[in-house]
1. I want to confirm something. Restricting to region 55-78 and keeping residues that are touching a helix residue (DSSP H, G or I) at 6+ places or on another chain (Cβ under 9 Å), assigned to a loop (DSSP other than H, G, I, E, B) and open to solvent by 40 Å² or more (accessible area, probe 1.4 Å), which single residue is nearest to residue 11 (Cα to Cα)?
2. From (1) open to solvent by 50 Å² or more (accessible area, probe 1.4 Å); (2) under 29 Å from residue 85 (Cα atoms), pick out the condition that doesn't hold for residue 170.
3. Looking at the structure I just gave you, is residue 107 modelled with pLDDT of 95 or more, closer than 30 Å to residue 147 by Cα, surrounded by fewer than 17 Cβ atoms within 10 Å (Cβ to Cβ) and not β-branched (Val, Ile, Thr)?
4. Looking for whichever is open to solvent by 20 Å² or more (accessible area, probe 1.4 Å) and farther than 27 Å from residue 119 by Cβ here; the options are 18, 52. Which one fits?
5. Which of the residues spanning region 32-43 are under 20 Å from the mean Cα position of the chain (by Cα) and open to solvent by less than 70 Å² (accessible area, probe 1.4 Å)?
Amino acid sequence: MMYKEVMAAFYEHRDGEKAEKMAAYMKGNFPFLGITKKDRLSLQSAFISQAKNSGTIDWELVFHLWALPEREFQYLALDYLLVLRTLLQEEDIGKLKTLITTKAWWDTVDGLAGNMTGTLCAKFPGIVENQLLQWAESGNIWLVRAAIIFQLKYKEKTDTEILGRVIEQNSNTKEFFINKAIGWALREYSKTNRVWVKTFIENHSLPALAVREGSKYI
């Protein structure tokens, strides 16, 4: 199934009323076709299955989908990358950075960080020192958020030195999406190492939101 068929199917199933509500939920940042997640996954399933067996990432396709106005096409690009994430190569970190900072909002950034960037950094650890630590200091809220949450799925493999470092560098901000990310990262890691998280929170001055979120399971 070619991606143009998926695009046509998406357009055929647009729903103006739902699109308006979905756009409102995203604070009016993006237009939508109004396709529910369940319907979208059904419409794209054949294409994603085919892509999964392709053995290569078509970055031209990814950026083409990212450039389309309706948000469902960015979700399609994310799902495409998700099934091919093990094929990511070290040099792809630059492409992920571009996606993270383009049409940026939590709904795309979180998947790019926790799934794609996390997978890539686990495969090529040098990226953390060469790129992610720079992201943490960049001042771009979405790169900072990605640097904080890229280890979400690492569990016992979490590098606590890196986690603590990127949190400390951004603990004095009032930016909601960064503070929420700090709390999320701490909360998730507390499932693996409750003592470390408890000690970290007790010994650092963190935003109230981050403490509240991070302490949920403590």
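1. Here is the first cut: in region 55-78, the ones touching a helix residue (DSSP H, G or I) at 6+ places or on another chain (Cβ under 9 Å) are 55-59, 61-68, 70-78.
Those still in the list that are assigned to a loop (DSSP other than H, G, I, E, B) too: 55-58, 68, 70.
Okay, now just the ones that are also open to solvent by 40 Å² or more (accessible area, probe 1.4 Å), so 55-56, 58.
Numbers: 55: 28, 56: 27, 58: 22 Å.
Ranking the candidates gives 58 first.
2. (1)
3. Details: modelled with pLDDT of 95 or more: yes; closer than 30 Å to residue 147 by Cα: yes; surrounded by fewer than 17 Cβ atoms within 10 Å (Cβ to Cβ): yes; not β-branched (Val, Ile, Thr): yes.
Criteria met by residue 107.
4. Details: 52 fails: farther than 27 Å from residue 119 by Cβ.
From the options 18, 52, the qualifying one is 18.
5. Hits for region 32-43 are 32, 36, 40.
The values are calculated or read from the model by the stated rules, or taken from the named source; none is laboratory data. As the structure is a computational prediction, the values presented were derived from the model and not from experiment. Glycine also receives a Cβ, built like all others from the backbone with ideal geometry; neighbour counts cover every protein chain displayed. The area values use the complete protein model at the heavy-atom level, side chains included, leaving out ligands, DNA and RNA. Shrake-Rupley method; radii C 1.70, N 1.55, O 1.52, S 1.80 Å.
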